[in-house]
Amino acid sequence: MTRATPTEEFRLTDAEFERLREYFYKRTGIQFTPAKRYFVDKRIEACVRGSGQPSFAAWFSALRVGDRPEMLQALTNQLTVNETYFMREDYQFDALLDPVLPRLLAEHARAGRPRGPIRILSLPCSTGEEPYSIAMRLLEEWPEIDRVDVEIHAADIDSDVLARARHGSYGARSLQRVPKPWLAKYFRSVTAGRYQIEDAIRGAVTFHRVNVCDTHAMRVFAGFDVIFCRNVLIYFDELSSRRAAENLFGALRPGGYLMLGHAESMSRISPIFTPERLPQGIAYQRPTGASA
Ligand SMILES: C[S@@+](CC[C@H](N)C(=O)[O-])C[C@H]1O[C@@H](n2cnc3c(N)ncnc32)[C@H](O)[C@@H]1O
């Protein structure tokens, strides 16, 4: 008999992979398919090693029976796909500037109610490029910004990306679509090729940790005028997508708009939103008069 190499001790059997897949799906709503096995194995190995547990079996048992939320968080952080960059799919930011925001203001005026802040949520926000892009676009291009109070919130399930988002330091890959004058105005150079977003923009975004599929946790999000939920539904199965859609619906105020990623569509997920073809693409509106 030969001694197992450390890597073998951390390697998952097919049955272990299946059990972990099921457990993770139940807890987070995120499904990783067997086709992703190589990617998942590598990341789980990193997670088990980082935990100090001697083997996958010991780690999984501590995770399941030990009520260790920090272990589940570490696993979640390993398994999420966090690709993002500034000004991504920016035709939707064009839509936000016009027609979405003017319509929202007109509606407030028509209803004759005192206008509270316009509330925007970026969920998932990953490392923060999306909410910071929204903040810069509004400051640069929305003439009403001096008159209208705007709140920008951002959330993600991954606590590592949230820490990076709060810190707001970015490399060339993230920044390549930022106009040069904006780079000079809204960032400061920290090291060669890295720039940190200015405090004024950082302070304009409030970050939260949440699982969009967790109905109980999502209850704290309510009354948003616009939600950007881009490039995450593609990772969910039907049930998790539906749950996320319902939770986003509950987080919007009636008449509010939901923006999805270009490869995503609500049509096969849920009929609760009213789709509308804006000049820049489709947006989904929570009907006025609909209760949560
Ligand atoms: C590909 S990034 C998209 C970021 C940004 N919206 C964009 O389009 O550039 C997907 C993000 O979704 C987050 N995520 C995955 N599952 C989630 C869930 N159940 N709840 C909240 N965020 C989730 C991941 O942590 C990751 O940061």
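Ranking of 38, 85, 91, 132 by neighbouring Cβ atoms within 10 Å, starting from the fewest: 38, 91, 85, 132.
Only Cα sites of the stretch 162-287 enter the Debye sum here, all with the same form factor; the resulting log10 I(q)/I(0) across q = 0.14, 0.21 1/Å is -0.77, -1.15, listed in q order.
Fully extending the segment from residue 217 to residue 151 would add 21.7 nm, taking 0.36 nm per residue of separation and subtracting the current Cα-Cα distance.
Per-residue Cβ neighbour counts within 10 Å put 237, 67, 214 in the sequence 67, 237, 214, beginning with the fewest.
Measuring nothing but alpha carbons in the chain and taking Rh as the Kirkwood radius, the Rg to Rh ratio lands at 1.02.
Summarising the overall dimensions of the stretch 83-147 from its C-alpha atoms, the Rg and Dmax are 13.0, 42 angstrom.
Among 153, 167, which comes first, then next, by fewest other beta-carbon atoms within 10 Å? Numbers along the way, then the final one.
Details: 153 19, 167 13.
Lowest count first: 167, 153.
Would you mind classifying the stretch 6-79 by shape? Square roots of the alpha carbon gyration tensor eigenvalues, ordered a ≥ b ≥ c; an a/c under 1.5 is rounded, otherwise it is prolate if a/b is larger than b/c and oblate if not. Rounded shape, in that the Cα axes give a/c under 1.5.
Over all pairs of different C-alpha atoms in the stretch 222-275, the reciprocal of the mean inverse distance, the Kirkwood hydrodynamic radius, equals 11.2 Å.
Per the helix-only calculation at 222 nm, which mean residue ellipticity applies to the chain, given -39500 (n - 2.57) for every DSSP H run of n ≥ 4 and division by its residues, nearest 500 deg cm²/dmol? Mind showing how you got there, number by number?
Details: 14 runs with 127 residues, N = 292.
That comes out to -12500 deg cm²/dmol.
Centroid-to-centroid, using Cα positions, the stretch 42-108 and the stretch 198-243 are 10 Å apart. Here's the picture: charge each Lys and Arg Cβ at +1 and each Asp and Glu Cβ at -1 in the chain, and of 217, 196, 74 the one pushed furthest to the positive end of that dipole is 74.
By the rule of a C-alpha distance below 16 Å, with chain neighbours fewer than 8 residues away ignored, the aspartates and glutamates paired with residue 42 are 8, 9, 14, 16, 18.
Over the stretch 6-79, what relative contact order in percent results from Cα pairs under 8 Å that are six or more residues apart?
With pairs under 8 Å counted, the relative contact order is 33 percent.
Read the figures in this text as sums done on the coordinates, not as results from a lab. Remember, it's a predicted structure, so these values are computed and weren't measured experimentally. Because the Cβ atoms are built from the backbone with ideal geometry, glycine has one as well, and the counts that use them run over all protein chains shown.
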